[in-house]
Amino acid sequence: MDLALQLLFTGIGIGAVYALVALGFVLIFRATNVVNFAQGEFSMVAAYLMVVAVEAGLPYWAAFIVALLGMALLGVVFNLGVYYPLRHRTYLPVIIATIGASILLANSVLAIYGPQPQVLEGWFETPGIQVGPVYLDSQYLLIICVTICLVIFNFWFFEKTLLGKKLQATSQDKEMASLLGISVSTMIMITFIYSAVLGGLAGILVAPVLFVSIQMGSTIALKAFAATIIGGFGDVAGAIIGGLALGVIETFGAAYVSVPYKDGFAFLVLIAFLIFRPQGIFGERVAEKA
Amino acid sequence: MPLLEIRNLVVRYGEIEALRGVTCAVEEGQVVTLLGANGAGKSTTLRAISGLAKPTSGDILFDGKSIAGLGPEAIVRMGISHVPEGRRVFPGLTVKENIMLGASNRRAPTSEISREADAMFDLFPDIRKFTNALGWTLSGGQLQMVAVARGLMAKPRLLLLDEPSLGLAPVIVQAVFKIISEIRRNTTVLLVEQNARMGLSVADYGYVLETGRIVLGGKPDELWGNEAIRAAYLGGHAKVTA
């Protein structure tokens with residue numbers, strides 16, 4: 001039982017990272033009808049930015065801000081360079097462009113930084129605290145707290161602000177949104193910036209737990225993509241629940257079944273969902289289909 | 001000077017010439033109805049005015065200034081609000097949110113927009129009880145009310161209404177046209193209708209479009225008086241009631 005609680009904590013921690021990246025997937029998908037295959041690279045680039053900033057001697061919090069600002073800028077550049085020129089085309093050229101961008105980002109980092117994985121220290125000096133039978137690792141605690149805050153922010157932003165409503169309107173019917181005077185290109189720009197920052201946050205938060213490597217982006221992205229399908233593609237709540245579920249499942253699978261097959265569990269679950277419930281836990285909401 | 005003037009407007013969709021030189025005008029304070037069969041170019045004319053379709057040639061003057069080639073966001077800010085065919089109410093947003101977004105063309109505090117949206121329900125009492133219902137849960141007639149209310153939130157000088165009666169039960173059509181006759185008190189309206197009798201009943205002036213050209217323009221009773229036009233476009237057996 002104690003072990004199960006411990007695993008649950010760790011699983012939710014890693015699942016929160018998947019959830020953040022999955023949220024980025026879903027927001028861009030809803031705004032542009034395109035899956036952004038470079039979403040995972042956002043996490044990887046942010047982790048490297050963080051490493052660079054810390055090595056340059058910046059205090060941890062300042063490096064954090066610099067890295068996130070860098071991600072916001074990357075979101076702008078990504079939108080203008082990858083999505084915007086192709087916005088009137090079908091989804092296929094855009095998807096291929098995001099794959100191209102992901103290869104470009106990974107290889108640019110490789111060219112600049114070399115293939116050796118980097119180590120990023122955690123935010124806190126204290127490694128963690130013991131609460132009853134469970135040891136709460138401070139980095140996992142941070143990941144969970146930040147994710148909770150972001151989920152609350154996300155809900156408030158999309159449900160309670162007029163800007164959030166304009167973003168939703170844009171994702172539901174771009175032409176109608178433009179007829180009302182909503183600047184569609186600005187809304188899509190905001191979506192890309194927000195998604196790049198979300199992906200970046202996930203990368204920065206998970207970096208001390210994993211190594212910072214070129215491959216970390218694609219690993220996280222694959223899990224996050226699986227999470228969005230498990231949760232129900234295009235659904236915000238589904239992305240978050242799917243991410244958390246995936247983190248918990250793979251942690252339990254690693255502990256009770258097989259450590260080497262840890263990454264396999266996520267995809268076993270994905271395949272099971274694709275066969276038995278392809279619409280995911282929450283399904284596609286009727287609201288978006290009507 | 002007319003509020004809206006269209007001069008020799010040509011719009012092409014690829015190879016297809018949807019409008020082949022349309023010329024017409026809308027005077028301030030009037031309701032003008034565009035009639036015509038399916039595919040005559042009625043919707044395309046509205047889409048060109050609101051910036052959704054790019055004119056190939058010709059000009060569109062609003063208040064004396066050319067708006068041809070401007071984007072829809074710029075045009076709605078100048079005071080032209082387009083309620084398109086099919087209502088296009090955002091399915092995942094509530095009725096109130098849909099109506100509030102109608103004010104996206106102007107700068108106003110959210111609290112004020114919210115108050116104005118509430119006031120819209122005085123003009124559309126039938127949808128008041130759906131204030132917090134999601135768009136997709138409403139019926140066609142209710143959606144049409146939401147779409148018109150949202151269009152009016154832009155405080156337009158010119159309201160473009162595309163087929164507001166399409167697919168609605170006769171009693172709902174009556175209700176929609178009753179609202180149009182109220183709107184006209186302070187807004188100029190360009191109305192596209194297949195239902196010629198209803199369309200002309202509220203109009204000061206009417207045009208008949210045929211395969212991308214205006215073939216006839218006149219006051220409603222003049223249009224009804226034209227025997228050939230009545231038979232071809234207006235449904236010959238019907239009589240104007242207004």
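The values are calculated or read from the model by the stated rules, or taken from the named source; none is laboratory data. Since this is a predicted model, take the numbers as computed values, not measurements. As a convention, Cβ positions derive from the backbone with ideal geometry for all residues, glycine included, and neighbour counts pool all protein chains shown.
The combined condition, being aliphatic (A, V, I, L, M) and in contact with a strand residue (DSSP E or B) (Cβ under 7 Å, 6 or more places away or on another chain), is not fulfilled by A:L105.
Can you go through A:I190, A:I220, A:I281 and tell me which one is assigned to a helix (DSSP H, G or I), within 30 Å of A:K174 (Cβ to Cβ), over 13 Å from the mean Cα position of the chain (by Cα) and of a type outside the set (D, E)?
Being assigned to a helix (DSSP H, G or I), within 30 Å of A:K174 (Cβ to Cβ), over 13 Å from the mean Cα position of the chain (by Cα) and of a type outside the set (D, E) holds for just one of A:I190, A:I220, A:I281, which is A:I190.
When both residues are 6+ apart or on different chains and their Cβ atoms are under 6 Å apart, which pairs have a first residue that lies in the range B:74-85 and is more than 10 Å from every other protein chain (Cβ to nearest Cβ), and a second that is surrounded by fewer than 24 Cβ atoms within 10 Å (Cβ to Cβ)? Matching pairs, first to second residue: B:G79/B:P156; B:G79/B:R157; B:E85/B:S43; B:E85/B:E163.
Residues to consider are A:F233, A:F211; find the one that is within 30 Å of B:T94 (Cβ to Cβ), away from chain B (no Cβ under 14 Å) and among the aromatic types (F, W, Y).
Exactly one of A:F233, A:F211 is within 30 Å of B:T94 (Cβ to Cβ), away from chain B (no Cβ under 14 Å) and among the aromatic types (F, W, Y), namely A:F233.
When the range B:86-132 is filtered for residues that are of a type outside the set (K, R), within 11 Å of chain A (Cβ to nearest Cβ) and assigned to a loop (DSSP other than H, G, I, E, B), the ones remaining, listed by number, are B:G86, B:V89, B:F90, B:P91, B:G92, B:L93, B:A108, B:P109. Being more than 13 Å from chain A (Cβ to nearest Cβ), within 20 Å of the chain's Cα centre (by Cα) and modelled with pLDDT of 95 or more is a property that B:L158 has. Scan the range A:108-138 for residues that are without any contact (Cβ under 8 Å) to a residue 60 or more places away in the chain and under 24 Å from A:L201 (Cβ atoms) and the total you get is 9. Within the range B:133-171, the set of residues being in a loop (DSSP other than H, G, I, E, B), at negative phi and charged (D, E, K, R) comprises B:R157 only.
Within the bounds of the range A:19-26, is there any residue that is surrounded by 14 or more Cβ atoms within 10 Å (Cβ to Cβ), of a type outside the set (G, A, S) and more than 19 Å from the chain's Cα centre (by Cα)?
No, the range A:19-26 contains no residue that is surrounded by 14 or more Cβ atoms within 10 Å (Cβ to Cβ), of a type outside the set (G, A, S) and more than 19 Å from the chain's Cα centre (by Cα).
With respect to the conditions (1) in a strand (DSSP E or B); (2) among the aliphatic types (A, V, I, L, M); (3) over 28 Å from A:K166 (Cβ atoms), B:A40 lacks only one, and its number is (1).
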